[in-house]
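Novice: Sharing a structure here in structure tokens format.
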Amino acid sequence: MHVILAQPRGFCAGVVRAIEIVDRALERYGAPVYVRHEIVHNKAVVGGLRARGAVFVEALAEVPPQAVTIFSAHGVARAVEADARARDLRVLNATCPLVAKVHIQGRLYAAAGRVVILIGHAGHPEVEGTMGQIDGRVLLVQDEADVDALDLPAATPVAYITQTTLSVDDTRAVIAALQRRFPDLVGPDVRDICYATQNRQRAVRELCRQVDVLLVVGAANSSNSNRLREIGSESGIRSHLLADGSELDPAWVAGAATVGITAGASAPEAMVEHVIAALRALGPVEVSAMDGLEEHVEFKLPPELAGRAA
Ligand code: SF4
């Protein structure tokens, strides 16, 4: 079996920064540090940090007063920020700067008197955070049918913003539906929303031209990993999402001469290695990486964590 690895794949700069924030907070302040929601959607990463003293909570009510508290890469609503202040928590914000950029875009559109339409998945923490960061009316649409169902006059000044990890193609279809309904529509170029989403999706499309089966390493609740698997399926390739090698079903790769592997933005490279090891257990495997972009994006840490602890 020939395995071809997507390039780029795996960790993005927002995930690296979020993990680094928890890591440095543990080093600087000592355990426990509290993290609201999974810092990134990956059980292995969360388990490793938990073993070092990070305590993951879903509600700030679970955090003792004045404790060091980290907001996850997905971002939080302003109500959560206010709740943290009221509880006198010492907050470190690991919201990805590209998610924060969407918050700012949404606020500017709302301040300009536009109804803001967020294209995203209901219930995802990034969507809940973004909706709660914008004053004024924010409506969530998930697909073209939701656009058709919007109870807004056609002349309404409207702006769209999007969840960072959606499929660029799906998002375009929803934007086209919005354009058909609302002539006064503005919004950002979807290719500029998140470099990592765009690069991983482009790479997986290219990879699908070369393989019989696609394996996407990532968590079931990882939005960007699910989009990568969907792109594989849309390309006509059998595509499966798996957290690590223990979830590999031999039937998925039976008869496949060439298997492509990519990884979501929150999946560590060790999980990719784990999947390759599981494939090797089935028979001889030759591994190569596709030609692709080398990423050199880095995001700054919060100033209080920028230098290493003594
Ligand atoms: Fe930030 Fe993009 Fe990574 Fe999400 S996928 S954490 S928006 S860099």
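Novice: Scan D169, D146 and give me the residue that is part of a helix (DSSP H, G or I) and within 24 Å of G232 (Cα to Cα).
Specialist: The conditions single out D169.
Novice: Additional query: Please determine, by comparing only the residues of region 92-129 that are polar (S, T, N, Q) and touching a Phe, Trp or Tyr at 6+ places or on another chain (Cβ under 9 Å), which one is surrounded by the most Cβ atoms within 10 Å (Cβ to Cβ).
Specialist: Here the answer is T95.
Novice: Working only within region 51-97, note down all residues that are assigned to a helix (DSSP H, G or I) and either in the same structural domain as I117 (by TED's automatic domain parsing) or within 16 Å of the ligand (Cβ to nearest atom) (or both).
Specialist: Matches in region 51-97: P97 only.
Novice: Using the structure shown, decide if A100 is hydrophobic (A, V, I, L, M, F, W, C), away from the ligand (no atom under 14 Å from the Cβ) and either farther than 19 Å from K300 by Cβ or modelled with pLDDT of 95 or more (or both).
Specialist: Taking the combined requirement at face value, the residue does not satisfy it.
Novice: Being within 16 Å of the ligand (Cβ to nearest atom), crowded, with 23+ Cβ neighbours inside 10 Å and either on the phi > 0 side of the Ramachandran plot or not small (G, A, S) (or both), is that true of even one residue in region 131-143?
Specialist: Checked region 131-143: at least one residue is within 16 Å of the ligand (Cβ to nearest atom), crowded, with 23+ Cβ neighbours inside 10 Å and either on the phi > 0 side of the Ramachandran plot or not small (G, A, S) (or both).
Novice: In the set L242, L178, which member is under 28 Å from G47 (Cα atoms), among the hydrophobic types (A, V, I, L, M, F, W, C) and crowded, with 17+ Cβ neighbours inside 10 Å?
Specialist: Just one listed residue meets the conditions, L242.
Novice: Inspect all residues belonging to region 230-239 and state whether any of them is modelled with pLDDT of 95 or more, hydroxyl-bearing (S, T, Y) and either under 18 Å from A267 (Cβ atoms) or not assigned by TED's automatic domain parsing to the domain that holds T258 (or both).
Specialist: Yes, region 230-239 contains at least one residue that is modelled with pLDDT of 95 or more, hydroxyl-bearing (S, T, Y) and either under 18 Å from A267 (Cβ atoms) or not assigned by TED's automatic domain parsing to the domain that holds T258 (or both).
Novice: Looking only at region 1-48, filter to residues that are in a loop (DSSP other than H, G, I, E, B) and of a type in the set (A, V, I, L, M, F, W, C); which one of those is farthest from the ligand (Cβ to nearest atom)?
Specialist: Among those residues, the one meeting the criterion is M1.
The values are calculated or read from the model by the stated rules, or taken from the named source; none is laboratory data. Keep in mind that this is a model prediction, so the values were computed, not measured. As a convention, Cβ positions derive from the backbone with ideal geometry for all residues, glycine included, and neighbour counts pool all protein chains shown.
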